[in-house]
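The values are calculated or read from the model by the stated rules, or taken from the named source; none is laboratory data. This one's a predicted model, so the numbers in the text were calculated from it and none came from an experiment. Every residue, glycine among them, receives a Cβ derived from its backbone with ideal geometry; neighbour counts consider all protein chains shown.
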Amino acid sequence: MEQITRFYGRRKGKKLKNSRMLLMEYLLPKVLVYKPKEKEIINLQNLFPEPKKNFWLEIGFGGGEHLAQQALLNPDVGFIGAEPFVNGVASLLALLNGNQDGEIQKTQNLLDPSRTDNVRIFPDDIRLLFPSFQDECFEKIFVLYPDPWPKTRHEERRFLIQTNLKEIYRLLRPKGELRIATDVHDYALWAVTQIEKTKSFVSKKKDIYKAPEDWVSTRYEKKGLKAGRVPIYFIYEKIG
Ligand SMILES: C[S@@+](CC[C@H](N)C(=O)[O-])C[C@H]1O[C@@H](n2cnc3c(N)ncnc32)[C@H](O)[C@@H]1O
């Protein structure tokens, strides 16, 4: 296995309130993707109780608003979300539970009854899962508002570096879609350069300032808009 460099982001924020701790204890195990053993291959279909037509991956889902809503809108898709930030994982669990701020009973069915059981969570660095995914297993991959790491000496920490793009390419099925959003324009320029360098993706987005039709805004995006930052959206299609 290729050496994974360490994760430089935040893993913990403020202390979780009791209802979220309970969700971590009782709901997370039901939707968890375990860290695979070396050379173990994940059969995505086996992660879900019902057959899924496609699989979509969201890398760094933050508070999970986008993932939770896309999962609700696309019940026949199996979603994998990866996020090492514990508070983000707890926030997604609260959305799946449909009971954001109430206390939960450990005996109740923790998944909101309006939902299909179609989200699985890897509460860690996605790069640890990459080797266990089969080629061409995802129809869509989302990298939304990746940490910009603005200093040039931190360039290797930016998610859309060549090694990760190579994996994204391998995991997408032909004509599969890589969606990126950012409101850091220097990062956007850098990311486009990285993607063009691969010669493996073709841009499908004519107006990069217009959100895709099925866009779901996140708290992070709304904060940026309030602060006057302008979002940019990219959709790339895998060539081949
Ligand atoms: C700026 S936040 C954006 C969160 C969310 N995508 C949104 O739009 O609201 C970037 C997130 O990516 C996560 N992240 C960074 N590197 C990651 C990795 N290697 N695997 C999984 N998540 C990662 C961070 O923990 C952080 O929560």
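Applying the criterion of being outside any strand (DSSP E or B) and within 10 Å of the ligand (Cβ to nearest atom) to the residues of the range 128-148, the residue that is nearest to residue 33 (Cα to Cα) is 129.
Could you tell me how many of the residues in the range 4-45 are farther than 19 Å from residue 134 by Cα, free of Cβ contacts under 8 Å to residues at least 60 places away in the same chain and assigned to a loop (DSSP other than H, G, I, E, B)? Matching residues across the range 4-45 total 3.
Considering only the range 50-61, I want to know if a residue exists there that is touching a residue at least 24 places away in the same chain (Cβ under 8 Å), within 19 Å of residue 85 (Cα to Cα), within 16 Å of the ligand (Cβ to nearest atom) and part of a loop (DSSP other than H, G, I, E, B). Quick ask: steps written out before the conclusion?
Step one: of the range 50-61, the residues touching a residue at least 24 places away in the same chain (Cβ under 8 Å) are 50, 52-61.
Narrowing the set further to residues that are within 19 Å of residue 85 (Cα to Cα) leaves 57-61.
With the extra rule that they be within 16 Å of the ligand (Cβ to nearest atom), the set shrinks to 57-61.
Remaining after also requiring part of a loop (DSSP other than H, G, I, E, B): 60-61.
Within the range 50-61 (the criterion being touching a residue at least 24 places away in the same chain (Cβ under 8 Å), within 19 Å of residue 85 (Cα to Cα), within 16 Å of the ligand (Cβ to nearest atom) and part of a loop (DSSP other than H, G, I, E, B)), the answer is yes, since at least one residue qualifies.
Got a sec? Which of 136, 103 is at pLDDT below 95 and over 21 Å from residue 69 (Cβ atoms)? Residue meeting the stated conditions: 103.
Is it fair to say residue 144 is closer than 25 Å to residue 16 by Cα, modelled with pLDDT of 95 or more and touching a His at 6+ places or on another chain (Cβ under 8 Å)? So residue 144 fits the description; yes.
Inspect all residues belonging to the range 118-125 and state whether any of them is of a type in the set (A, V, I, L, M, F, W, C), within 18 Å of residue 137 (Cβ to Cβ) and away from the ligand (no atom under 16 Å from the Cβ). Quick ask: steps written out before the conclusion?
The initial filter retains those residues of the range 118-125 that are of a type in the set (A, V, I, L, M, F, W, C), namely 119, 121-122.
Keeping just the survivors that are within 18 Å of residue 137 (Cβ to Cβ) gives 119, 121-122.
Filter once more, so that each one left must be away from the ligand (no atom under 16 Å from the Cβ): none.
Looking for residues that are of a type in the set (A, V, I, L, M, F, W, C), within 18 Å of residue 137 (Cβ to Cβ) and away from the ligand (no atom under 16 Å from the Cβ), one finds none in the range 118-125, hence no.
Of the residues making up the range 192-222, those that are over 21 Å from residue 138 (Cα atoms) and either under 19 Å from the mean Cα position of the chain (by Cα) or crowded, with 18+ Cβ neighbours inside 10 Å (or both) are 211, 217, 218, 219, 220, 221, 222.
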